[in-house]
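Notes follow the structure.
The values are calculated or read from the model by the stated rules, or taken from the named source; none is laboratory data. It should be emphasised that the depicted structure is a prediction, and the values quoted were computed from it without experimental measurement. We place every Cβ from the backbone using ideal geometry, glycine too, and count neighbours over all the protein chains shown.
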Amino acid sequence: MNSNGLSTQILIALTNHLQDAVFAVEEGCFIFVNQRVTDLFGYSELDIIGQPILDFVFEEDQPLVAARYKARLMGEQVESEYSFRIVTKSGEVREVNMRVGLTQDDEHSTTLIGSLQDITDAVQTRAALEHSQADIESILNNMPDVFYRTDMNGVITLMSPSCHEVIGYTPEEMIGRPMVDFYCDASDRERIVQALTEGEGKAQLVEACLRHKDQSSVWISSNAYIRYDESGEVICIEGISRNDTDRKALEERLAKLAKYDGLTKLLNRRAFLEEAAHQIEIAHRYHRPLSMMMLDLDWFKTINDRYGHYIGDETLVYFSHACQAVLRKTDIVGRMGGEEFAVLFPETSGEFANDMVERLRSRLSNPIDVGSVTLKITFSAGLITLKSDDHSAEMMLKRADQLLYQAKENGRDQIVIES
């Protein structure tokens with residue numbers, strides 16, 4: 001065996017252990033390939049040796065490879081590493097990355113020695129990621145809800161474009177700023193972070209009021225969560241938020257309808273009893289006085305029967321306005337049903353509460369015009385103060401109602417005070 005044959009065998013043995021496909025080209029044709037080249041192309045070594053390298057290059061990429069090869073032979077400075085596509089024996093198109101260099105022997109024969117690395121999977125993965133990223137960006141750019149991300153210090157790191165529709169700021173105006181800058185109540189952030197921490201990475205529904213760029217208030221609801229890495233370390237907070245201002249306003253209107261009488265706008269019976277129970281608890285706890293009055297408009301049925309329900313309703317509205325005008329802001333007035341009303345006087349003894357009731361009677365002392373009718377409004381009332389064994393609003397109402405009944409029996413237009 002001559003020295004050239006031995007050198008070739010050694011070269012083959014060495015390069016077959018490499019991960020890359022190694023080859024040598026002279027005058028544009030393969031003169032050497034290792035096992036990795038045959039595995040990559042799908043051809044045998046005999047099928048490859050002596051064949052032009054361009055025969056294995058994808059047609060659209062042949063001009064690039066030919067130009068680079070020619071430039072290198074001419075001694076021009078060209079990149080020693082670049083990518084192109086090849087066609088395998090099965091017709092599959094694969095992407096390869098090639099690194100090349102030139103050598104010359106004593107006879108000035110120029111050989112291009114290079115290696116090929118199959119990067120098809122990496123390219124496809126990158127393309128898929130880029131496509132996925134494009135899809136994500138398209139979704140973020142077109143979704144009506146807002147996707148956001150903050151670090152654990154609350155600094156905004158990502159905000160989708162729809163934030164402009166929700167609170168008037170562009171993403172560029174928000175990214176890099178603390179989220180707390182946009183809360184109506186700065187303490188909301190601590191509350192939300194606490195809820196998300198307790199969620200342990202699961203999405204939690206949280207609400208907050210944000211300040212719009214025009215200084216109006218915007219209610220948002222968010223499905224948010226704390227994102228952790230594989231080791232359990234916190235990465236960030238992410239969430240999807242939507243403008244819930246209309247829903248919040250509807251809830252408030254419904255809550256108001258459930259709490260207030262539709263005609264007089266005073267507390268309804270249920271809401272009054274709830275507030276009374278709360279005030280009773282406070283009065284007992286801090287040993288403070290509390291008074292309650294039940295009252296009934298005199299001869300109201302006669303007004304309805306004689307003048308109709310419209311005049312009757314207007315009379316109730318006028319009386320409720322009189323109560324709100326005369327009584328203190330801390331006093332609590334409720335319509336218990338029909339022409340029956342109740343008043344709570346927190347921090348007030350029976351004597352002082354009676355003074356307040358007399359002021360109301362004084363305001364109603366003169367006849368009033370209700371629509372086209374002139375009326376004289378009077379009322380009968382029972383006034384009590386909290387006792388140590390009063391543990392419910394119903395107990396107090398019952399006693400006050402008994403005194404109210406007594407006032408009616410005594411001829412109406414009067415107050416009976418518990419002795």
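Quick notes on this one:
- Count of region 158-170 residues which are surrounded by fewer than 16 Cβ atoms within 10 Å (Cβ to Cβ) and more than 15 Å from the chain's Cα centre (by Cα): 1
- Filtered residues of region 359-383 (kept if hydroxyl-bearing (Ser, Thr, Tyr) and free of Cβ contacts under 8 Å to residues at least 40 places away in the same chain): Ser362, Ser365, Ser372, Thr374
- Wholly enclosed strands (runs of 3 or more DSSP E) of region 32-127 bearing at least 3 residues in contact (Cβ under 8 Å) with a residue 60 or more places away in the chain: 110-118
- Hey, Leu344 of a type in the set (A, V, I, L, M) and either part of a strand (DSSP E or B) or under 47 Å from the mean Cα position of the chain (by Cα) (or both) or not: yes
- Residue within region 373-381 that is touching a strand residue (DSSP E or B) at 6+ places or on another chain (Cβ under 7 Å), among the β-branched types (Val, Ile, Thr), within 23 Å of Glu274 (Cα to Cα) and surrounded by 20 or more Cβ atoms within 10 Å (Cβ to Cβ) present: no
- Looking only at region 304-338, and only at residues there that are β-branched (Val, Ile, Thr) and either surrounded by fewer than 16 Cβ atoms within 10 Å (Cβ to Cβ) or in contact with an Asp or Glu (Cβ under 9 Å, 6 or more places away or on another chain) (or both), the one that is nearest to Ala258 (Cα to Cα): Ile332
- Within region 203-302, strands (runs of 3 or more DSSP E) holding 2 or more residues that are in the same structural domain as Ser349 (by TED's automatic domain parsing), in contact with an Asp or Glu (Cβ under 8 Å, 6 or more places away or on another chain) and modelled with pLDDT of 90 or more: 290-297
- Filter pass, Ile53 being of a type in the set (A, V, I, L, M), more than 14 Å from Met98 (Cβ to Cβ) and in the same structural domain as Arg94 (by TED's automatic domain parsing): no
- Those residues of region 309-354 which are among the basic types (Lys, Arg) and at pLDDT 95 or above, in sequence order: Arg335
- Looking across region 172-189, the residues that are outside any loop (DSSP other than H, G, I, E, B), among the charged types (D, E, K, R) and surrounded by 11 or more Cβ atoms within 10 Å (Cβ to Cβ) come down to Glu173, Asp181, Asp188, Arg189.
- In region 168-176 there is at least one residue that is over 17 Å from Val234 (Cα atoms) and touching a His at 6+ places or on another chain (Cβ under 6 Å).
- Of the set (1) β-branched (Val, Ile, Thr); (2) in contact with a strand residue (DSSP E or B) (Cβ under 9 Å, 6 or more places away or on another chain); (3) farther than 30 Å from Glu347 by Cβ, all apply to Thr264 but (3).
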